[in-house]
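> So that we are looking at the same thing, I have put the structure below in structure tokens.
Nothing in this text is a laboratory measurement; each read-out follows from the coordinates by a stated rule. The shown structure was predicted, so the numbers you read here are calculated from the model rather than taken from an experiment. We place every Cβ from the backbone using ideal geometry, glycine too, and count neighbours over all the protein chains shown.
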Amino acid sequence: MISEILPTWVASAESFGDAPEETLFPEERPLIARAVDRRRREFVTGRHCARLALARIGVAPVPIPRGERGAPVWPAGTVGSITHCSGYRAAAVASTEAGRAVGIDAEPNEPLPEAVLPTIASPGEIGSLRTLSEADSKVCWDRILFSAKESVYKVWFPLTGRWLDFSEAVVDIEPSGTFRARLLVADPAIGTDLLRGRWIVSDGYIATSIALPRP
Ligand SMILES: CC(C)(COP(=O)(O)OP(=O)(O)OC[C@H]1O[C@@H](n2cnc3c(N)ncnc32)[C@H](O)[C@@H]1OP(=O)(O)O)[C@@H](O)C(=O)NCCC(=O)NCCS
């Protein structure tokens, strides 16, 4: 699923099951030493997918530590992103010669809990969701909006090192499978106020992606 919404310069791997905990590097084990079973499984398989994706761009298996605010620390010369939700895990990576940042996010194709939408979307964005729902009611457009914003953050944070609030990007979803995110805060590390992304709905899951190529 995830490869369908990524450009060819991004390598990816995904899993609908879980990898054994032995696939972790010893340096990674302390990161989940006190975690509950669900968290252990998603972390292990996320790292496993990341190493499979890295192998596809010629990078040998290495530990992927947790950096500032939880962002994965990718091997030198690479950028990437990890996502997991119940029953699905994925990673996407690229060489820094090809891209500046990659962000991916996966969610169940289920409506957001009612109280969440007003906290992540502006009145204008909520209005657009109504129009999209009238066109196709099987797609949970509110979840796509949420996922798109998570992908925005996963591109934004590794480049800027800064928090970005849900109100600081305006996402415009196209029914054709793309979206545009207009950033309302500037940062020279991003170098643009417009991020272009893609989305897909498949087998009960939603995935979104943003891949920033090197200019
Ligand atoms: C960090 C965050 C984006 C993760 O998204 P999520 O949907 O909760 O969870 P996912 O499973 O898709 O992604 C989790 C993975 O994201 C990665 N991640 C965590 N923090 C990150 C960060 N600051 N930057 C980039 N990637 C990060 C990690 O790889 C993590 O998995 P791991 O801990 O097993 O390594 C989310 O929890 C968050 O903090 N959001 C608030 C900020 C935001 O989204 N702002 C909106 C801007 S428009």
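> Could the peptides 100-110, 165-175 be put in order, highest first, of the mean number of other beta-carbon atoms found within 10 Å of their residues?
Averaged packing, sorted descending, gives the order 100-110, 165-175.
> Sum up the charges of everything whose Cβ sits under 13 Å from the Cβ of R40, counting Lys and Arg as +1 and Asp and Glu as -1, but leave R40 out.
Once all neighbours under 13 Å are counted, the net charge is +1.
> Within 10 Å of each residue's Cβ, count the other Cβ atoms and sort L31, L194 from fewest upward.
Going from sparsest to densest Cβ surroundings: L194, L31.
> Continuing with this model, one more query. What is the helix-to-structure angle for 123-135, meaning the angle in degrees between its Cα long axis and the longest Cα principal axis of the chain, kept from 0 to 90 and rounded to the nearest 10?
Its long axis makes an angle of about 90 degrees.
> A76 versus D136, label points 7 Å from Cα toward the beta carbon: distance in nm?
Distance between label points: 4.4 nm.
> Kindly list the residues of segment 112-147 that lie in the label zone of R182, defined by a backbone N under 12 Å from the point 7 Å along the Cα-to-C-beta vector.
The answer is 124-125.
> Eigenvalues of the Cα gyration tensor times 5, then square-rooted: what semi-axes does that give for the chain, in whole angstrom, largest first?
27, 20, 16
> Please report the relative contact order for the chain, taking Cα pairs under 8 Å with a sequence separation of at least 6, and give it as a percent rounded to a whole number.
21
> Mind listing which GluC sites (Glu not before Pro) in segment 61-141 are in a DSSP loop and have 14 or fewer other Cβ atoms within 10 Å?
E97, E114
> Do me a favour and compute the ellipsoid semi-axes for segment 34-131 from its Cα gyration tensor, root of five times each eigenvalue, largest one first, whole Å.
So the three semi-axes of segment 34-131 are 30, 18, 12 Å.
> Same structure again: Residue farthest toward the positive end of the dipole of segment 57-146, with Cβ of Lys/Arg at +1 and Asp/Glu at -1: which of P65, P108, A121?
P65
> Tell me the net charge near G77. Cut-off is 14 Å between Cβ atoms, G77 excluded, with +1 for each Lys or Arg and -1 for each Asp or Glu.
Cβ neighbours under 14 Å give a net charge of +1.
> Cα axis of helix 37-56 to longest principal axis of the chain: angle in degrees, 0 to 90, nearest 10?
80
> Against the longest principal axis of the chain, how steep is helix 141-160, in degrees 0 to 90 to the nearest 10, with axes from Cα atoms?
Tilt relative to the chain: about 50 degrees.
> If you take every residue apart from G191 with its C-beta less than 13 Å away from the C-beta of G191, what net charge results, scoring Lys and Arg +1 and Asp and Glu -1?
Residues close to G191 contribute a combined charge of 0.
> Looking at segment 110-213, what % of the alpha carbon pairs are farther apart than 22 Å?
Looking at segment 110-213, the distances longer than 22 Å represent 26 percent of pairs.
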